[in-house]
């Protein structure tokens with residue numbers, strides 16, 4: 001099965017009342033919330049606020065459309081079983097979401113991969129890799145570095161730790177989902193890195209932690 005094509009076709013099928021951009025944005029928002037809240041033991045106000053946000057978005061779609069949206073997430077996991085890549089960035093562009101109007105375009109993965117190769121060649125093998133990505137986009141550069149580590153026989157799930165940040169929520173959600181599916185320990189925060197970089201005590205409603213970061217994946 002061509003999982004990526006299935007997702008793109010599904011976005012276009014659901015589109016009508018909503019643009020492909022809106023369907024994509026709703027999908028990644030719901031998916032990010034579902035992953036984060038499934039790993040959250042403390043069902044406090046933040047948990048409830050995110051649940052309410054999820055339900056509000058879900059109410060826009062029919063039962064069949066929501067089933068398709070859930071299947072899209074499963075298909076995304078299927079893509080990552082087959083290969084590395086900024087899969088959500090590719091889907092975003094191929095489904096017609098990228099435009100001058102939205103102002104969002106994602107770096108082709110082969111360029112991210114080349115830059116990751118150069119970075120690794122300078123650093124060599126280390127006991128631990130701390131990555132800080134101040135403008136993460138979809139997380140392509142982080143994913144590429146994880147791929148380079150794997151190709152060099154290094155367990156990226158154990159040796160990588162990531163702090164990623166982006167001003168745009170779509171970038172936060174895309175990065176969070178992809179790093180979650182890859183089992184990477186990461187903190188992904190929303191905000192302007194130049195004015196307010198992530199640090200301890202950062203406002204929790206602006207922070208998503210991957211299952212691996214929370215200890216849900218070992």
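Values in this text are rule-based calculations from the coordinates and carry no lab data. Note that the structure is predicted; figures quoted are calculated from it, not measured. Backbone-built Cβ (ideal geometry, glycine too); neighbour counts: all protein chains shown.
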In degrees, nearest ten, helix 45-58 long axis to first principal axis of the chain (Cα): 50
Over the chain, relative contact order from alpha-carbon pairs under 8 Å, at least 6 apart, %: 20
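Cut-off is 10 Å between beta-carbons; in what order do 62, 10 appear when sorted fewest neighbours first? Mind dumping the intermediate values first?
Working: 62 9, 10 19.
Sorted ascending by nearby Cβ count, the order is 62, 10.
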Taking all pairs of distinct alpha-carbon atoms in region 109-209, Kirkwood radius in angstrom: 13.7
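Sorted from fewest to most neighbouring beta carbons within 10 Å, what does the list 145, 120 look like? Could you put the intermediate results ahead of the total?
Details: 145 25, 120 19.
Least to most surrounded, the residues fall as 120, 145.
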Segment residue 127-residue 55, length gained on full extension (0.36 nm per residue, minus Cα span): 21.7 nm
Fluctuation leader among 32, 146, 75 - the chain, Gaussian network, Cα springs under 10 angstrom: 75
Per-bin percent of Cα-Cα distances, the chain [10 Å]: 8, 34, 38, 17, 3, 0
Sequence of 24, 80 once ranked by neighbouring C-beta atoms within 10 Å, starting from the fewest: 80, 24
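Please give the calculated 222 nm ellipticity per residue for the chain, where each DSSP H segment of at least 4 residues contributes -39500 (n - 2.57) and the sum is spread over every residue; nearest 500 deg cm²/dmol? Before the final figure, lay out the partial values.
Working: 9 runs with 117 residues, N = 218.
Computed mean residue ellipticity for the chain: -17000 deg cm²/dmol.
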FRET E, pair residue 114, residue 22, Förster distance 30 Å, beta-carbon r, rounded to 0.05: 0.35
The chain: angle of helix 63-82 to the longest principal axis, Cα-based, in degrees nearest 10: 20
Acute angle (nearest 10 degrees) that the helix 109-123 long axis makes with the longest principal axis of the chain, alpha-carbon atoms: 20
